[in-house]
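J.: A single structure is presented below for examination.
The values are calculated or read from the model by the stated rules, or taken from the named source; none is laboratory data. Everything numeric here is computed off the predicted structure, so don't read it as measured data. All Cβ positions, glycine included, derive from the backbone under ideal geometry; neighbour counts span all protein chains shown. Surface areas here come from the heavy atoms of the whole protein model, side chains and all, with no ligands, DNA or RNA. Shrake-Rupley method; radii C 1.70, N 1.55, O 1.52, S 1.80 Å.
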Amino acid sequence: MKRILSLFIGFLFSGVLLAENIEKANLRILYVGGASDYTDYGSVSAELKSESVRARTASFKSMLSEYFDSVTVVDGADYRPEISDSYDVTIIDGRIPEIKPAIRESDSNGSIVKYVPAQLLPDDFDRAVITIGSMGEIVGRAIGSKNDWYCLCLDADAHHMVLDHPIFNGPFETELTFEKKPTPEDALHYKYFHEGDMPDSLMMWKVQTKGYKTDKDFAVGMVSRPWGYTDSPDAEYISSGVCAKTLDAVAIGRHGNFMTWGFAASPLYMTEEAKTVFANAVCYMAGFNGKKMIARKYNDGIATREYLKELLYLVSDEAYEDRSRLVEKMNTTGEEMKKKALEKKKKGTELEEDEKYYLNFQPEKMVSRNEFLKRYQKEAYNMFGDDVEAYIKYYNENRNYFYGGEGSYNLFVDEDCKAWGIANNSPDLLEKAISSLEKGKETERALRILDRYTMCGFGNDAGAWRKWYDTYGDRIFFTEAGGWLFMVNGSSDIPGNDYSVKTDKKVSGSDSVTTDEEPVHVSLSQENDRIVIRFIIQPGYHIYSKVSSSDAYIPVSIDIDLPEGISAGEPIMPVGINYGTTGTVIYENEARIIVPLSGNGKGRAVCRIGWQCCDSHVCMPPQSREYSLDINY
C-alpha cells in the first residue's frame with residue numbers, strides 16, 4: 001500500500017523539489033476556517049478571538065499556498081459537504097453546519113432515554129479530509145470516526161512517532177529535530193497500560209512554538225483513544241504527543257479518508273519542520289479520496305480488551321497503595337495551604353482565589369481496601385467481593401472470551417465462545433458456527449454467535465453463510481473498537497460491512513438519571529433564600545470545581561439572569577476532592593452548589609451552567625446548557 005501511494009504522489013508533481021525553491025504540488029486544497037489560536041474557555045475577549053480567526057485563516061492560506069498550486073478558503077459557516085467534491089483535500093479547522101441536529105430525549109424524571117449526536121457530514125462522505133484539533137471528534141463522531149475525543153489536553157510536542165511514515169519522509173524534504181524531555185507526569189497515572197518500565201524521559205519533536213501549558217489561554221489540542229485504533233485495516237497510528245493521558249494517545253492518525261492533526265496551533269505558531277510535515281500529510285491524504293471508513297466507531301466509550309489491563313491494575317495492592325499515597329500527599333498539601341490562608345486572613349491581608357478555596361479545605365478520607373474494590377470492579381465485585389486472587393484468575397482465564405460490544409466500558413464473558421473454547425476474535429469461531437449450522441448441531445448457539453459478531457443478517461441460511469465466508473475469508477478482520485465484529489476489508493456494500501443491519505448503533509438509553517453517554521444530570525430548585533444547583537454524576541466520573549493553570553480541564557461555570565428586584569450572591573461551592581498534585585479539585589457522585597438570593601420579586605430565572613465530565617479513560621467535550629426556574633422571593 002505504501003509503495004502504491006508513493007507512486008501516486010510522485011505523479012502529483014510537475015517537476016523536482018529544489019533546495020531553495022519548492023516545486024508546488026498539483027493539488028486543489030480547500031481550507032475551512034473559523035477557529036482561533038485561543039481556547040474557547042479562557043479569558044480572551046471576543047474581539048481578540050475574532051481577530052485571531054482572521055489571522056489564523058490568513059496564515060493557513062499563506063502556508064498552504066507555498067506548497068500547493070490551488071488553495072481556496074471558506075468560512076466554516078458557509079461550508080457544505082458537496083463543496084469538497086471539487087478538491088483533492090479538505091482541511092477542516094472550523095465548525096461546519098449540522099445536517100442533522102443532536103437528539104436528546106428525556107422522560108418525566110429527566111432521565112436520558114435516547115441520545116443521537118449531531119451529524120455534520122453524510123454517512124457516505126468519502127472525500128479526503130484533515131481535521132485540526134477537536135474538529136476530528138466534532139465532524140466525525142456521528143459517522144463513526146475513530147478520531148474521537150479522548151482528551152482536549154494536547155500540548156506542543158510530539159513523541160512516539162512512526163518515523164518511517166510517509167508524512168515524515170516526503171515529498172517535501174525535512175529534517176526533524178529531537179530533544180530529550182521528561183516523560184509527562186500525567187502519563188504516569190496510566191502506567192498499567194504501558195508495556196515494561198515507564199521511561200523517565202522521551203525524545204520529543206516540537207510541533208508548536210506555543211502551547212497551553214506555557215501560554216495562558218492558548219488553543220488546546222485533542223488526542224483520540226488508542227485502544228482499538230489500529231484494529232481495522234482502514235486506520236493507522238502516526239504519532240502521540242504531550243497530553244494528560246497515555247503515552248500512546250493518538251495525536252496524529254488516520255481512519256479511512258479522515259486524518260486527525262490533533263495539534264491546535266495555526267502556522268503562525270507551527271515550527272518550520274511542522275509546516276513541512278503538515279504539507280506532506282496533505283499530499284498523503286490526497287491518496288485517500290474515495291476510501292471511506294470500513295469499521296465505524298459509533299460508541300466512543302466501547303470497551304476493548306485493553307481495558308483488562310486497567311481492571312487488573314485496580315485489583316492490585318499497588319493500585320490501592322498508589323491511591324493512598326496520593327491522598328496522603330494531597331491532604332498534607334491541603335492542610336499546609338489552609339494554614340497559610342488562615343494566617344494571612346488573620347493578618348487582614350487580601351487572599352488570592354486559590355487561597356480562598358483552601359479556607360474550607362477538609363482532608364479526604366481514604367476508603368477501605370474493600371470499598372476500593374467495590375468502587376472500581378463494578379459487577380465483578382458482586383461475584384468475588386474482596387477475593388483478589390479470584391479477580392485475577394477471572395480476568396486472565398477469560399481474556400479470549402470477553403465481549404465489550406454493549407454499553408460503555410462494559411466487558412462480560414461470552415459463555416457461547418467459552419463453551420466452544422474458541423477466542424471470539426478468531427476466524428475459527430465463524431468456521432465453527434457455520435459448520436454447526438450446516439450439520440444441524442448446536443444451531444441456537446451458532447446463530448447467537450453469528451448475530452453477535454457479524455452484520456450479515458443471513459439468519460439460519462447455512463448456504464449463504466458458507467458462500468460469504470468462502471468468498472471473503474482471506475479479507476475478514478475483527479474489530480473491537482468498531483463493535484466487536486468480523487468485517488471484510490473492502491467497500492461498505494459487501495455483506496457484513498453495513499452498520500444499518502444493527503439499527504441501535506447510534507442510540508442509547510437507560511432507566512437511570514445518568515448514563516455513560518450522559519454522565520451528568522443537573523437540576524435546579526429554590527429553597528427559601530437560595531437557588532440550589534444539584535449535579536448528579538455517574539459513578540466513576542467526575543466534574544471540576546477548580547482547575548490549576550497547568551491543567552486543561554474546564555471547571556463548573558454558573559451564569560444566572562434573575563427577575564427584576566432579585567440579585568444573586570457569590571455561589572457557595574462545596575469542598576471537593578483534590579485531583580492529582582497540581583491543585584485541581586473535582587466533584588464525584590453528587591455536588592450541591594448554593595446561590596444566595598437577596599431582594600424581592602418573582603418571575604423566571606435563566607441559568608446557564610457549564611461543566612466538563614471525565615473518567616479514567618476520557619475527558620468529554622465541555623457542556624453548556626441553559627435551564628429555567630420560576631422564582632418567588
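J.: I'm checking my understanding of the structure. Among residues of the range 23-45 that are assigned to a loop (DSSP other than H, G, I, E, B) and of a type in the set (S, T, N, Q), which one is farthest from V71 (Cα to Cα)? Spell out the reasoning first.
T.: Kept after step one, since they are assigned to a loop (DSSP other than H, G, I, E, B), are these residues of the range 23-45: 23-24, 34-37, 39-45.
Right, trim to of a type in the set (S, T, N, Q) and you get 36, 39, 43, 45.
On the way: S36: 20, T39: 26, S43: 33, S45: 30 Å.
Only one residue tops the list, namely S43.
J.: How many residues does the range 248-280 hold that are closer than 14 Å to F168 by Cβ, open to solvent by 10 Å² or more (accessible area, probe 1.4 Å) and assigned to a helix (DSSP H, G or I)?
T.: 3
J.: Of the conditions (1) open to solvent by 10 Å² or more (accessible area, probe 1.4 Å); (2) charged (D, E, K, R); (3) under 18 Å from I302 (Cβ atoms), K245 satisfies every one except a single condition; which number is it?
T.: (1)
J.: Run down G170, G136, G196 and say which single residue is small (G, A, S) and within 30 Å of E23 (Cβ to Cβ).
T.: Details: G136 fails: within 30 Å of E23 (Cβ to Cβ); G196 fails: within 30 Å of E23 (Cβ to Cβ).
After ruling out the rest, the residue left standing is G170.
J.: Of the conditions (1) at pLDDT below 95; (2) over 30 Å from A25 (Cα atoms), A295 fails just one. Which one is it?
T.: If we test A295 against (1) at pLDDT below 95; (2) over 30 Å from A25 (Cα atoms), just (1) comes out false.
J.: If you don't mind, there's one more thing I want to ask. For K340, state whether it is farther than 30 Å from E66 by Cα and either modelled with pLDDT under 90 or surrounded by 15 or more Cβ atoms within 10 Å (Cβ to Cβ) (or both). Please lay out each step first, then the result.
T.: Values: farther than 30 Å from E66 by Cα: yes; either modelled with pLDDT under 90 or surrounded by 15 or more Cβ atoms within 10 Å (Cβ to Cβ) (or both): no.
Here the answer is no, as K340 does not meet what is asked.
J.: Tally the residues that are over 29 Å from E137 (Cβ atoms), touching a residue at least 60 places away in the same chain (Cβ under 8 Å) and touching a Cys at 6+ places or on another chain (Cβ under 9 Å), restricting the search to the range 615-633.
T.: 1
J.: If you don't mind, there's one more thing I want to ask. Kindly establish whether M330 is surrounded by 14 or more Cβ atoms within 10 Å (Cβ to Cβ) and under 29 Å from the mean Cα position of the chain (by Cα). Can you show your working first?
T.: Numbers: surrounded by 14 or more Cβ atoms within 10 Å (Cβ to Cβ): yes; under 29 Å from the mean Cα position of the chain (by Cα): yes.
Judged against the criteria, M330 is a match.
J.: Give the residues of the range 362-393 that are in a helix (DSSP H, G or I) and basic (K, R), sorted by residue number.
T.: Step one: list which residues in the range 362-393 are in a helix (DSSP H, G or I), which gives 369-377, 379-384, 388-393.
Answer for the range 362-393, where residues must be in a helix (DSSP H, G or I) and basic (K, R): R369, K374, R375, K393.
J.: Would you mind telling me which numbered condition in (1) under 20 Å from L524 (Cα atoms); (2) out of contact with any strand residue (DSSP E or B) (no Cβ under 7 Å at 6 or more places or on another chain) S616 fails?
T.: (1)
J.: Follow-up question, since we're still on this one. Would you please name the residue that is least open to solvent (accessible area, probe 1.4 Å), looking only at residues in the range 575-612 that are touching a Ser or Thr at 6+ places or on another chain (Cβ under 8 Å) and basic (K, R)?
T.: Just the residues of the range 575-612 that are touching a Ser or Thr at 6+ places or on another chain (Cβ under 8 Å), to begin with: 576, 578, 581-587, 591, 597-599, 604-611.
Next, from what is left, pick out any that are basic (K, R): 604, 608.
Details: R604: 144, R608: 73 Å².
Applying the filter and picking the extreme gives R608.
J.: Tell me, which strands (runs of 3 or more DSSP E) lie completely within the range 64-165 with 3 or more residues that are out of contact with any His (no Cβ under 6 Å at 6 or more places or on another chain), at pLDDT 95 or above and of a type outside the set (S, T, N, Q)? Full working, then the answer.
T.: Details: elements: 68-75, 89-92, 103-106, 112-116, 129-132, 151-154, 157-159.
Result: 68-75, 89-92, 129-132, 157-159.
J.: Shifting gears a bit: In the range 550-574, what residues are in a loop (DSSP other than H, G, I, E, B), out of contact with any Gly (no Cβ under 6 Å at 6 or more places or on another chain) and not aliphatic (A, V, I, L, M)?
T.: Let us first name the residues in the range 550-574 that are in a loop (DSSP other than H, G, I, E, B), namely 550-556, 562-565, 569-571, 573-574.
Narrowing further to those that are out of contact with any Gly (no Cβ under 6 Å at 6 or more places or on another chain): 550-556, 562, 569-571, 573-574.
Correct list: S550, D551, Y553, P555, G569, E570, P571, P574.
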